[in-house]
Amino acid sequence: MKFKKYFVEGIPRRKFLEASLKGGIALAATPSLMMQLLSCKGVEKGSAKIAVDPQVLDRVIQKALEKGGEFADVYLENRISREILMEESKFKSAVFGISQGAGVRVISGDKTGFAYTDDITEEKMMRAAEIASFVAKNGQSVGPVKVKKGSRESYVTVKLPLGAVADEKRIDVMKRANQAALDYDSRIQMASISYYDEVRGRTVANSEGLLLSDELPLLFFIVQTLGVGNNTRHMGRERLSRHSGFEMFDEVIPEEVARTCARESIVMLEAKDAPAGIMDVVMQNGWGGVLVHEAVGHPLEGDVIARQTGVFTGKLGKKVASDVFTMVDDGTLPNFRGTTNFDDEGTQMKRNVLIQDGVLVKYMTDVLSAKQLKMERTGNGRRESFRYIPIPRMTNTFIEKGKDKPEDILASTKSGLFVQSLSGGSVNPVTGMFNFTCREAYLIEDGKKTLPVKGATLIGSCLDVISNIDAVGDDLDFGPGICGKGQAAEVAAGQPTVRIRGINVGGSRARR
Amino acid sequence: MDYKGLAEQLVNKCVKKGADLAEVYIESGRNLSIEVRNGEIETVQESATHGVGFRVFVQGRMAFSSCNDFTENALNNAIESAIRFAVNTTPDENNVLPDDKGLTQVEGLYDPQISQIPMEKKIELAKKVEKLAMKDPRITKSSGASYSEGEGEVFIANSNGLLKSSKESGCGFGVSVVAEKDDQKSTGGESCSRRFYADLKPPEEIADKAARDAYEMLDPRMIKTQKAAVIFDPDVARSVLGGILAAVNGERVLQGASFLRDKMDQKIASELVTIIDDATRPKGMRSRPFDGEGVPTQRRVIVDKGVLKGFMYNTIVAKRAGVKSTGNASRGGFTSIPGIGAHGFYMEAGQSSPQDIISATKVGLLLKGITGYGINPVNGNFSGGASGFWIENGKIAFPVKGLTVAGNAFEMFNGIDMVGNDLDLNRSFTAPTFRIKLLQIGGE
């Protein structure tokens, strides 16, 4: 297996997890079944709730711990999804998905056993429990506590439930976005509007007696526009996503999303070759937070820390970043894309400050890594679907706002690169080496944003970058994304405007 | 379960419920994955699964639904959902299904032995490759080793009377390790996947490569920003091939979103460059007898000695372009409609040995690792993070990290002036070592 690279990016229309450039992790075959990506989807007429007898769950958990092991859980899922694609002003396809299943997991020492079934029946779940218990042979044994229905605070509110929205409404927001994009400028030759919604019903039960159920709505709206100039073309992209009902489109109108996208397509037609070499970079507020998501967030996930391979291993309580740098992962921000009512292991969501004024104060954990590290569970145990084991993942991750005015940050930067938005990037969590691709960037000359430049790569080491952030703005904002770490997770990343001194920029010309 | 019979029945059901044309795509399979670290099992995952996707056309409008519940109610509900959903899409005369009943003969896609080999042996293989990779004293930590396997069967039936099935298997193993020296960390990893268990490479070879990739990159240096020759190792072939692949997607071409849109039969690369898409190679990891909608696959020349010769199409996009499907309908599983994708996509081997290429390079970069998105398929711009070895006077001088490389697709393709003889077709998206004579490198 190649080294796992973690990445976040916006959605390429059909494929989510692309293998890394170095050949990827394309291990064993049966390509589609093994690469079930964001594929299984979820509920038709409104409800994705799963009715299951708690006593059945008790018997499954009992079975899972029969051979030994100190923890077992069952995760049941039902997902109903709709995806509509409009391209070249035509509604090309409409995809409806119904998916359900259950995953059973056993933890014995540092070992995890896992199996899933498409059929939520006692017989199939018992069989999955038996397979999952394989790893617990000769392990220490802890008897399960009977499950008892509990509840958690809700951070996701819904006014217009997705199951009750007529398809005409979906079609309408797409048409409006398409029209606004084409009206923006005659050089917009094509728009691609992708609409996705789902309702995911979850039930989590474990050997500690926990039993929780909920329903999570998700909306994802992506506009891409093709700008055509004399010598070049540029595909712009803008996304909007929340765990929310259809009221999202009252709060952020589709025309605005389309115009933002079209603006990028047009501006970038004038892009010149980017300079190459090490320079100062100012990053505009918003989705640029993906830089810290990658460069700092992934290396702070409990699994790489428990394996003692992560770049932040042994650095708890130590100064790792500049004084102006505070970084937070907060799964409770109302209706955000990375928010849930509880994580996929049933743990309460929290606001977790990871780095406070430059000092490393917390790692993000799931049940297993919390146990291994003897730390608290932070609510970061997430899974793409019932087909995957939970692993430590980020939720809404951001650089906390600072005191600087964004305009002062720019004005005090003599020369360098102003990055307005990033496509996405990846990190090697062991070495901390990261890379990002700019989506929209400008030269900084004499404290001013001047010419747009072609999509350059930014690279560096995470420890350097967080030590070299010397200005943090007061304008915190967020953007939605998909994070890939062997499985996909919906996340948000955010930051105020920041300045990083000295990043290597991969342009195609030497600096003047 | 008789999936083949079921697929046929379900097509009839779609038609009865109101579809003018219908396609049923069923997948069933099982997989196993084992991860070990420090000589102990870390995870064992094992499952069997199945699912069905329905593509229906109602008065030229296309919609799709999928489900993984095979009870009659669930299947009926999925079909009805697709038919209902179709009212939302735009009628298109190009919305058709294939009717080619042919099958391409491809040998060696399924190994019945894989499931017969005991689990203990597979666990041992993962443990062994990890142990071997840790042998070198410069390797300080393991990031884990793994073994995984899968087998699956695909069934496609449509209302044009097409009914096909194909069975395939695959297995693979690999390891990732860390080399440390003072404050430095460097990672290396290698894997091997094959259709047949018996064809897997010996663990020694995988372990050596993983360890070498990690320790060779210790004590890297920085170089000055400059233009120089860049030699692409087979490990980074994908960064260049991926850009070509996306740009020959027939739908992108029609939409004007490809930098190759108007370059058919024109020279786009040096004459040393020939690119093939081959679905027919025996035992090929990406070989298959038919594509994602049942069209027979083939071996196609995409770029012939530098001249662009082929775009890739599925049935609908081919009809729109006025050509025949090239058998490149790709499917992300039973939950998605067919897109367009490659099979075994590679650059043909040349004459030079990799050593000759290095010896012929006075100053340059031997590129071993690259990050980023590769070539932008819309405008051909390229930029990535780079690591590898610096070459001086035809010899490897020292490792380099934290560099960037950038350019434009045409400048890069036309700049290829040496192609190696070291093509390994068992890798996917593969190329031999090749050299681009001049590329912008970013450093200090």
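Quick note: the coordinates plus some simple rules give every number you see, no bench work behind them. All values reported here derive from a predicted model rather than from experimental measurement. Backbone-built Cβ (ideal geometry, glycine too); neighbour counts: all protein chains shown.
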### Message
Just to be sure I understand: with springs between alpha-carbon atoms less than 10 Å apart, which residue in B:PHE398, B:PHE232, B:PHE429 has the highest mean-square fluctuation in the Gaussian network model of chain B?
### Response
B:PHE398
### Query
Taking only Cα atoms, what is the 0 to 90° angle, nearest 10, from helix A:167-184's long axis to the longest principal axis of chain A?
20 degrees
### Rg in Å to one decimal, and Dmax rounded to a whole Å, for region B:220-444 via C-alpha atoms
18.0, 54
### Message
Report the rotationally averaged projected area of region B:1-89 based on its alpha-carbon convex hull, in square nanometres.
### Response
7.5 nm²
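Order of A:MET126, B:MET134, B:MET222 from fewest to most other C-beta atoms within 10 Å?
Values: A:MET126 17, B:MET134 21, B:MET222 13.
The order, fewest Cβ neighbours first, is B:MET222, A:MET126, B:MET134.
Note down the relative contact order for region B:51-154 as a percent, whole number, built from C-alpha pairs under 8 angstrom at least six residues apart.
19 percent
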### Query
For q = 0.27 Å⁻¹, what log10 I(q)/I(0) does region B:200-240 give under the Debye formula with an equal point scatterer on each alpha carbon and no solvent?
-1.06
### Query
So, in nm, how far is label B:LYS167 from label A:LEU160 when the simple model puts each one 7 Å beyond its Cα toward the Cβ?
5.1 nm
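What area, in nm² and to one decimal, does the C-alpha convex hull of chain A cast on average over all directions?
Numbers: hull surface 92.3 nm².
Mean shadow area of the hull around the Cα atoms is 23.1 nm².
If you look for lysine pairs in region B:32-150 that are eight or more places apart or on different chains, how many of them have Cα atoms under 20 Å apart?
Values: B:LYS121/B:LYS131; B:LYS122/B:LYS131; B:LYS127/B:LYS135; B:LYS127/B:LYS141; B:LYS128/B:LYS141; B:LYS131/B:LYS141.
Here the count comes out as 6.
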### Message
Which one, B:ALA229, B:LEU254, B:ILE244, is farthest towards the positive end of the dipole of region B:229-273 when Lys and Arg carry +1 and Asp and Glu -1 on their Cβ?
### Response
B:LEU254
### Query
Which of B:ASN88, B:ASN160, B:ASN426 moves the most in a Gaussian network model of chain B with Cα springs under 10 Å?
B:ASN88
### At q = 0.05, 0.09, 0.10 Å⁻¹, base-10 log of I(q)/I(0) for the protein assembly as shown (Debye sum, equal scatterers on each alpha carbon)
-0.26, -0.95, -1.23
### Task
Multiply the residue gap between A:ASP183 and A:VAL353 by 0.36 nm, knock off their C-alpha separation, and tell me the result in nm, one decimal place.
56.8 nm
## Note on the structure
Excluding residues fewer than 8 positions from A:LYS401 in its own chain, the aspartates and glutamates with Cα under 15 Å of it are A:ASP323, A:ASP329, A:ASP330, A:ASP357, A:ASP470, A:ASP474, A:ASP475, A:ASP477
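Within 10 Å of each Cβ in peptide A:95-107, how many partner chain Cβ atoms are there on average? Round it to a whole number, please. List each step's numbers first, then the result.
On the way: counts 12, 14, 12, 11, 6, 4, 4, 0, 2, 0, 2, 1, 1.
Counting Cβ atoms of other protein chains within 10 Å of each residue's Cβ and averaging gives 5.
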### Task
Assign unit charges at the C-beta atoms only (+1 for Lys and Arg, -1 for Asp and Glu), then state the dipole size of chain A relative to its Cα centre in Debye, rounded to the nearest 20.
1120 debye
### Amide hydrogen neighbours beyond the local backbone of A:PHE342, cut-off 5 Å, H modeled
none
### Cut-off under 5 Å, modelled amide H: who pairs with A:GLY101 long-range
A:GLU77
### Loop sites in region A:233-322: trypsin sites (Lys or Arg not before Pro), DSSP, at most 14 other Cβ within 10 Å
A:LYS318
## Note on the structure
Excluding residues fewer than 8 positions from B:LYS209 in its own chain, the aspartates and glutamates with Cα under 17 Å of it are B:GLU130, B:ASP136, B:GLU180, B:GLU190, B:ASP233, B:ASP235, B:ASP422, B:ASP424
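As a footprinting exposure proxy, order B:LYS135, B:LYS127, A:LYS374 by other Cβ within 10 Å, with the fewest listed first.
On the way: B:LYS135 11, B:LYS127 20, A:LYS374 6.
Least crowded to most crowded, the residues run A:LYS374, B:LYS135, B:LYS127.
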### Task
On a 0 to 90° scale, report how tilted helix B:238-247 is relative to the longest principal axis of chain B, with both axes built from alpha carbons and the result rounded to the nearest 10.
40 degrees
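Between Rg and the Kirkwood Rh of region A:348-411, both from Cα atoms, what is the Rg to Rh ratio? If you can, show how the numbers build up before the last one.
Details: Rg = 15.9 Å, Rh = 13.9 Å.
With Rh from the inverse mean 1/r over Cα pairs, Rg/Rh is 1.14.
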### Message
Number of Lys pairs in region B:220-444 with C-alpha atoms less than 15 angstrom apart, excluding same-chain neighbours closer than eight positions?
### Response
11
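Defining a contact as two alpha carbons under 8 Å apart and six or more residues distant in sequence, what relative contact order in percent does chain A show?
Working: 1460 pairs, mean separation 88.6, N = 512.
The value is 17 percent.
For chain B, what D do you get in µm² per second when you plug the Kirkwood radius from alpha-carbon pairs into Stokes-Einstein at 37 °C and 0.692 mPa s?
On the way: Rh = 23.9 Å.
For these conditions, the coefficient is 137 µm²/s.
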### Query
Residue-wise, which Karplus ³J(HN,Hα) couplings in Hz belong to region B:215-231, taking 6.51 cos²θ - 1.76 cosθ + 1.60, θ = phi - 60°, and x for glycine or proline?
6, 5, 8, 6, 6, x, 10, 10, 10, 6, 4, 6, 9, 7, 5, 10, 9
### By average C-beta atoms within 10 angstrom, highest first, the peptides B:255-267, B:292-304, B:106-118, A:275-287
A:275-287, B:292-304, B:255-267, B:106-118
#### Entry: Exposure proxy ranking, count of Cβ atoms within 10 Å, fewest first, for B:GLU40, B:GLU130, B:GLU93
B:GLU93, B:GLU40, B:GLU130
### Query
What FRET efficiency would be calculated for the residue pair A:LYS448, A:LYS149, taking the C-beta separation as r and a Förster radius of 45 Å, to the nearest 0.05?
0.15
### Summary
Restricting to lysines and to Cα separations under 20 Å from A:LYS449, and discarding same-chain partners fewer than 8 apart, the set is A:LYS272, A:LYS405, A:LYS414
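What does the average come to when, for each residue of peptide B:435-442, you count the partner chain Cβ atoms lying within 10 Å of its Cβ?
On the way: counts 0, 0, 0, 0, 1, 10, 4, 17.
Counting Cβ atoms of other protein chains within 10 Å of each residue's Cβ and averaging gives 4.
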### Query
Say we join alpha carbon atoms closer than 10 Å with springs in a Gaussian network model of chain B; which of B:ASP199, B:ASP136, B:ASP183 then has the biggest fluctuation?
B:ASP183
### Message
If I fit a long axis through the Cα atoms of helix A:254-267 and take the longest principal axis of the Cα atoms of chain A, what angle between them do I get, 0 to 90°, rounded to 10?
### Response
50 degrees
## Note on the structure
Diffing region A:328-339: the Karplus 3J(HN,Hα) column from phi (6.51, -1.76, 1.60, θ = phi - 60°), in whole Hz with x for Gly and Pro, holds 10, 10, 10, x, 10, 5, x, 6, 5, 4, x, 8
### Query
What share of Cα pairs, in percent, lie more than 25 angstrom apart in region B:3-215?
55 percent
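At 222 nm, what helix-only mean residue ellipticity would chain A give, in deg cm²/dmol to the nearest 500, using -39500 (n - 2.57) for each DSSP H run of four or more? Could you put the intermediate results ahead of the total?
Working: 10 runs with 86 residues, N = 512.
When only DSSP H runs of four or more count, the value is -4500 deg cm²/dmol.
Could you work out, residue by residue across A:436-449, how many beta carbons of other chains sit within 10 Å of that residue's beta carbon, and then give the average as an integer? Please list the in-between numbers first.
On the way: counts 3, 8, 1, 0, 0, 0, 0, 0, 0, 0, 0, 0, 0, 0.
Going residue by residue through A:436-449 and averaging, the value is 1.
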### Query
Taking the Cα centre of the protein assembly as shown as origin and charging only Cβ (+1 Lys, Arg; -1 Asp, Glu), how large is the dipole, in debye to the nearest 20?
940 debye
